[in-house]
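Down below is the structure, laid out as structure tokens.
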Protein chains: 2
Amino acid sequence: MEPVAPGKTRVGWIGTGVMGAAMAGHIREAGYELTVYNRTRAKAEPLLARGAVWAPTPREVARRSDVIFTMVGFPADLRQVVLETDGVIHGVTAGSVLVDMGTGEPALARELYETLQARGVASVDAPVSGGDIGARNASLSIMIGGDAEVVAGLMPLFQCMGKLIIHHGPAGAGQHAKMCNQVLIASSMISVCECLLYGYKAGLDLRKVIESVGSGAAGSWAINNLGPRILKRDFDPGFFVEHFLKDMGIALAEAGRMGIALPGLALAHQLYQSVKALGHGRSGTQALMLALERMSNVEMPAV
Amino acid sequence: MEPVAPGKTRVGWIGTGVMGAAMAGHIREAGYELTVYNRTRAKAEPLLARGAVWAPTPREVARRSDVIFTMVGFPADLRQVVLETDGVIHGVTAGSVLVDMGTGEPALARELYETLQARGVASVDAPVSGGDIGARNASLSIMIGGDAEVVAGLMPLFQCMGKLIIHHGPAGAGQHAKMCNQVLIASSMISVCECLLYGYKAGLDLRKVIESVGSGAAGSWAINNLGPRILKRDFDPGFFVEHFLKDMGIALAEAGRMGIALPGLALAHQLYQSVKALGHGRSGTQALMLALERMSNVEMPAV
């Protein structure tokens, strides 16, 4: 595949939520012709005001684009916009590329790759980490699975959105790398909340605790960034609990298929089920604190 | 208490293992008169060669010192060198200070504080993080519990050994803060090993995985520093599994006393029991990988 370029490559974008809108915006700014679709049209309006063109269906996006990005919430949504009625697959032409940047099932990434390959269409999975801030600042970490030649051709587009862009292997490998990221976060979040709960009950000043522990061998992005938010009782997302639950569910299912035991991930998954049961599915992942407090009949005051 | 100073304050040091020898060395370099005792005299020789004076018992160290440091392995060792036959308590004079820099029981720290207070002797708990490298470079994080005035007077000595020196509260608070540090490490280590196990079974290049996940919201000291050692199958300590087990046991007992549930810590404690059962009590904490591999009947090759 030849490298993409503005004026030559027509880009389509399906899914213009907080992340998707920011990412697609960078592509438009770089000068690419951009066609967009979103379930709720209103969320696409800022992009349309900057010169993107609306399409009424994912199929229509595909018909007008050489590279079609998807950034939708759940595997069922991805399946719908690609494979079902009015989906991408009914509009694509040979030589085009589908790039899914949402986080989802490695198995589905491979299924899309094979299904589209039969029509002469390439498929790449390229989930990201870095959240809404990374999307806005074009500083995402992008984890890519797909054919090396295709990935190389797409690089100028990835460089519009991300700073750390790594090709991990064939179709599905990007999703697997993202699962590694989520597995790494899962038990780390338990450790952050348990550290703070212990310190609170021991009567310590938790800001001093974070200062003492945050820069050494115990240090992590989570304790230094989410720790202070927990102390303020700021449980706004960041990253939604319900999306993290979805990701942990995928990782556990994949681990089951691969025949490995991940007891820490399983524990985190159950504790986050508790967070959701407490009504915090749309809070940020730091709301794990609420489940641990509830278990121990503790409620830390805001400091 | 007046601030300590070389030429005025006589310092004693009990416990000259890897950490203790490096820390006491900095105090000697700063010009303090130094008396040392260690169970195995040979380990104190390098300090003696630099002008420290040997004492045959902890009692004798105490008799000749204004500030007596302890840095020994387990709570039973601390109890022995302070309270039992030939212990510090039989040599101290009113106005002197005991400073325990080992990691141990908050309850024992309070017990020593009260026992010594009755003799007009101050007691401070000041455990550290930063390991042998931090001890050598005088860049330890020091977490302090004890009377504010005494802690203030000791600052010139702490500054010989550490960079981040934080007074967390009354006697025992330093040990509690260190327990927060260990609780924070416990589940984080599970997350690091599970991330790598998942990635290995998914067929990924684990060096690329660490690169993708290490600098974002999943990032931690552990994944970036211990992750690469795990890939090389380098399980040398760092920090001994058996010392970490001791610390987790203390934290779990304290949590029980405080009436809180720490399920992640409990899981980590059990997994590290498995590491010890596999013969790796004297390996570094990254040997947790071996227990998780064993559970899933996997053995990752060195890369």
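The values are calculated or read from the model by the stated rules, or taken from the named source; none is laboratory data. All values derive from a computational prediction rather than experimental measurement. All Cβ positions, even for glycine, are placed from backbone atoms using ideal geometry, and neighbour counts span all protein chains on display. Each accessible area value is taken on the protein alone, full model and side chains, heavy atoms only, with ligands, DNA and RNA left out. Shrake-Rupley method; radii C 1.70, N 1.55, O 1.52, S 1.80 Å.
Data for the structure
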| quantity | calculated |
| --- | --- |
| Pairs, first without any contact (Cβ under 8 Å) to a residue 60 or more places away in the chain and within 16 Å of A:GLY12 (Cβ to Cβ) in region A:30-52, second surrounded by fewer than 20 Cβ atoms within 10 Å (Cβ to Cβ) and polar (S, T, N, Q), C-beta under 7 Å, six or more apart | A:TYR37/A:THR57 |
| Among residues of region A:276-303, those that are farther than 16 Å from A:GLY199 by Cβ and polar (S, T, N, Q), counted | 3 |
| Matching residues, region A:251-264, being within 18 Å of the chain's Cα centre (by Cα) and either in the same structural domain as A:PRO75 (by TED's automatic domain parsing) or surrounded by 21 or more Cβ atoms within 10 Å (Cβ to Cβ) (or both) | A:ALA251, A:GLU254 |
| Helices (runs of 4 or more DSSP H) completely within region A:1-105 that count 1 or more residues being in contact with an Asp or Glu (Cβ under 9 Å, 6 or more places away or on another chain) and over 19 Å from A:CYS160 (Cβ atoms) | A:58-63, A:75-83 |
| Count - residues of region B:237-250 that are at pLDDT below 95 and open to solvent by less than 30 Å² (accessible area, probe 1.4 Å) | 0 |
| Strands (runs of 3 or more DSSP E) (entirely within region B:120-221) containing at least 1 residues that are within 8 Å of chain A (Cβ to nearest Cβ) and in contact with a Pro (Cβ under 6 Å, 6 or more places away or on another chain) | B:140-145 |
| Matching residues, region B:222-236, being open to solvent by 50 Å² or more (accessible area, probe 1.4 Å) and either within 12 Å of another protein chain (Cβ to nearest Cβ) or of a type in the set (Lys, Arg) (or both) | B:ASN224, B:ASN225, B:ARG229, B:LYS232, B:ARG233 |
| Matching residues in region A:179-204 - criterion: being touching a residue at least 12 places away in the same chain (Cβ under 8 Å), open to solvent by 10 Å² or more (accessible area, probe 1.4 Å) and either under 23 Å from A:ASN137 (Cα atoms) or not aromatic (Phe, Trp, Tyr) (or both) | A:ILE185, A:SER188, A:LYS201 |
| Lone qualifier among B:SER296, B:SER283 - being more than 11 Å from every other protein chain (Cβ to nearest Cβ) and within 29 Å of B:SER215 (Cβ to Cβ) | B:SER283 |
| From the options B:SER274, B:SER283, residue that is free of Cβ contacts under 8 Å to residues at least 40 places away in the same chain and farther than 17 Å from A:VAL183 by Cα | B:SER274 |
